[in-house]
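S.K.: Dumping the structure here so I can ask a few things about it.
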Amino acid sequence: MLDFVTVVFDNEVALLQWQAKSFQKFVDKQDIGTIYIVDNGSQTCDINLDWYGDYQDKVKILTHKDLQVEMQPHIDGWRTQQLCKLLASAMSDKTWAVTLDAKTYFTKKFDIIRDGKPGVGTTDSNIHSSDAVKYLEEYYNIDLTQMIGPGGVPFFFHVETLKEMIASIDNFATWFQSKVLEPNPPHRTFVTEFLLYSAYVKHTVGYEKLYGDQLLDPFNVADGQEHMFEEMLASDSHTKSIHERAIKKLSKEQLNKWETFLND
């Protein structure tokens, strides 16, 4: 049984309708503990539980207050959502918590755990900030050329290990916000949520103890990857998503294809 964590901003709330439908189609209800929806926006996001159909009893909506965190004013929403993913996942009482973005939709049966290990493999850590990699290599005295796959969402946190990581750093929420972004230019990034957790796992038990070879196949179209839209649409991936800036660069025909795909 898995818990799921989705962090949402006000302007993304409507996307949860599609994610909710994809839960119902591709994730067995009996395999879900709780679906945590974290409001990282106004703290009054209007989330309609009816979207989740007979899964709505699985949904729990959280605010920053529930996470017992006060966000510092110099941190933007892209970075506060990283802290929300960590703290909300640590609220789980299951073995694994899977974190998603609001725009992440399941498009294939979500069944990738073998012998108790999620099949996510590893990926090149250089997809993230080189400053963050260097900082964490020095912080934990490790080689961080590889991180836990897929390096983005859907990302599997081993809850017990995540809780240990948070407990190992005094005043974790404050520490994270002080390291996630320098408050003054050039705004170097010293940690990201998935890199930090990967570094801690590498430092303590190693990836192989908790994670298996890659089975998970997500397809996330990032800003600047609009040319991959058709490939993404045709792929047999477990999840699909398109960044909001990439969406704006799609043609009308492509947008119609995407809407048809989601409706189907």
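Each reported figure results from applying straightforward, stated rules to the coordinates on display, with no laboratory input. All values reported here derive from a predicted model rather than from experimental measurement. Glycine gets a Cβ as well: all are built from the backbone with ideal geometry, and neighbour counts include every protein chain shown.
S.K.: Relative to the longest principal axis of the C-alpha atoms of the chain, give the angle of the C-alpha long axis of helix 130-140, reported between 0 and 90° and rounded to the nearest 10°.
M.R.: Between the helix axis and the principal axis of the chain, the angle is about 50 degrees.
S.K.: I've got another one for you. Which one of Pro186, Pro218, Pro150 has the biggest mean-square fluctuation once the chain is modelled by GNM with Cα springs under 10 Å?
M.R.: Of Pro186, Pro218, Pro150, the most mobile in the Gaussian network model is Pro186.
S.K.: While we're on this one: Determine the gain in length on full extension of the stretch Ala222-Trp78; use 0.36 nm per residue of separation and subtract their C-alpha separation, reporting nm with one decimal.
M.R.: Details: separation 144, 0.36 × 144 = 51.84 nm, distance 1.43 nm.
Gain in length upon complete extension: 50.4 nm.
S.K.: Using 1/(1 + (r/R0)^6) with R0 = 30 angstrom and r between the beta carbons of Thr145 and Thr44, what's the FRET efficiency to the nearest 0.05?
M.R.: It comes out at approximately 0.10.
S.K.: Averaging over every viewing direction, what projected area does the convex hull of the Cα atoms of the chain cover, in nm²?
M.R.: 13.8 nm²
S.K.: Also, quick follow-up: Can you compute 3J(HN,Hα) from phi for each residue in the stretch 190-197, using the Karplus curve 6.51 cos²θ - 1.76 cosθ + 1.60 with θ = phi - 60°, rounded to whole Hz and x for Gly and Pro?
M.R.: Rounded to whole hertz, the list is 9, 9, 10, 4, 6, 5, 4, 5.
S.K.: Each residue of the stretch 204-219 in order: what ³J(HN,Hα) in whole Hz does its phi give by Karplus 6.51 cos²θ - 1.76 cosθ + 1.60, θ = phi - 60°, with x for Gly and Pro?
M.R.: 9, 10, x, 5, 5, 5, 10, 10, x, 5, 5, 10, 5, 9, x, 9
S.K.: Based on the Cβ-Cβ distance of Thr63 and Asp236, what FRET efficiency does E = 1/(1 + (r/R0)^6) give at R0 = 35 Å, to the nearest 0.05?
M.R.: Efficiency, rounded to the nearest 0.05: 0.40.
S.K.: Around Glu137, with a cut-off of 12 angstrom between Cβ atoms, what is the net charge of the other residues, counting Lys and Arg +1 and Asp and Glu -1?
M.R.: Numbers: positive: Lys134, Lys202; negative: Asp131, Glu138, Asp143.
Result for the neighbourhood of Glu137: -1.
S.K.: Still on this structure: Which residues in the stretch 26-51 place their backbone N less than 13 Å from a point set 7 Å from the Cα of Lys94 along the Cα-to-Cβ direction?
M.R.: 27-37
S.K.: Let me ask something additional. I want to verify the translational diffusion coefficient of the stretch 1-75 in µm²/s; compute it with Stokes-Einstein, Rh as the Kirkwood radius over Cα pairs, at 25 °C and 0.890 mPa s.
M.R.: So the translational diffusion coefficient is about 188 µm²/s.
S.K.: What nm distance separates the two modelled labels at Lys163 and Leu255, each placed 7 Å from Cα along Cα→Cβ?
M.R.: 4.6 nm
S.K.: With the chain treated as a Gaussian network of Cα nodes joined by springs under 10 Å, which of Asp28, Asp217, Asp115 yields the largest mean-square fluctuation?
M.R.: Fluctuation is largest for Asp115.
S.K.: Follow-up. What are the ³J(HN,Hα) couplings of the stretch 98-112, residue after residue, when phi is run through the Karplus curve with 6.51, -1.76, 1.60 and θ = phi - 60°? Round to Hz, x for glycine and proline.
M.R.: Result, rounded to whole Hz: 9, 9, 10, 9, 4, 8, 8, 10, 6, 10, 7, 3, 8, 9, 10.
S.K.: Around Tyr36, which amide H atoms from residues at least 5 apart in sequence, or from another chain, sit under 5 Å from its own amide H, with H modelled in the peptide plane?
M.R.: Under 5 Å from the amide H of Tyr36: Phe4, Val5, Thr6, Lys60.
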